[in-house]
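Below: one structure, written as structure tokens.
Please treat every number below as a calculation from the coordinates, not as lab data. From a predicted model like this one, the values you see are computed outputs, not experimental measurements. All Cβ positions, even for glycine, are placed from backbone atoms using ideal geometry, and neighbour counts span all protein chains on display.
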């Protein structure tokens, strides 16, 4: 009898459940997209004001205030478009750049070579910014640099990032196991919650990871600390073994962390402790100049 009643209830209200689920998913991903951006506080403020005014007007019977906020809600969409123009532009650009039917693939040999050359750079204390393209096309950032289109090799990468060479500033972009461009200009993140020890190189890596799904490897020029930026988070203090394992996880999409989860709260097995912008400073600071 109880099962029959539950079945009838489910058949009667399944549309309501579907609507609630869709709304919940939409709200969750909207907040996850805006969290950590300059517009996040504005979004929270608007939600609090409108919910507070609506509840207050209904509880106390304030018809005038209720009518005013009801009228304002009709133009809220236009206001949101103006306020969140940078975030909306970034999201639409990322959607338009996504490859629907194919994406770039990096071989295991390329990831091994990337690991070796990263620590070759770190041992030489050469600062580096290396972006590996995934599903989203980042050709617009590749066009900001110098076209190279050559096979990936440790010797070439060391030469590119050697100080006082023409292409050592900026980053390189790797696509389909090849270096496509060097001296590329990446967007600098505008987040206000980052650790002040993070320099311009790390902020540029974070900026690119916020605007695309690229994986960005960063080598500190001063300390040789190796970091990975992806989907707006930064994981730091890798050794060769943990770097190779983490790159394999990211490119196989296995065990990839929630983009908004602090990397320090979910350390990679075998890696030295990670830290994230906004956390307490590490014993070894990482002041950088691009």
Once R0 is set to 45 Å, what does the formula 1/(1 + (r/R0)^6) return for the Cβ-Cβ distance between residue 64 and residue 14, expressed as a FRET efficiency to the nearest 0.05?
0.65
For the residue pair residue 168 and residue 108, what label-to-label distance in nm results when each label sits 7 Å from Cα along the Cα-to-beta-carbon direction?
3.6
Please find the FRET efficiency linking residue 78 to residue 222, where r is the Cβ-Cβ separation and R0 is fixed at 35 Å, and quote it to the nearest 0.05.
0.15
Say each of residue 139 and residue 176 gets a label point 7 Å from the Cα, pointing the same way as Cα to Cβ; how far apart are those two points in nm?
1.1
Quote the convex hull volume per residue of the stretch 108-265, based on C-alpha atoms, as a whole number of Å³.
106
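Please report, largest first and rounded to whole Å, the three semi-axes of the ellipsoid equivalent to the stretch 128-216, where each semi-axis is the square root of five times an eigenvalue of the C-alpha gyration tensor.
21, 16, 10
Say R0 is 22 Å: what FRET efficiency, to the nearest 0.05, do residue 27 and residue 51 get from their beta-carbon distance?
Given R0 = 22 Å and the Cβ-Cβ separation, E is 0.95.
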Label the stretch 107-174 by shape, choosing from rounded, prolate and oblate, from the square roots a ≥ b ≥ c of the eigenvalues of the Cα gyration tensor; if a/c is under 1.5 it is rounded, and otherwise prolate applies when a/b is larger than b/c, oblate when it is not.
oblate
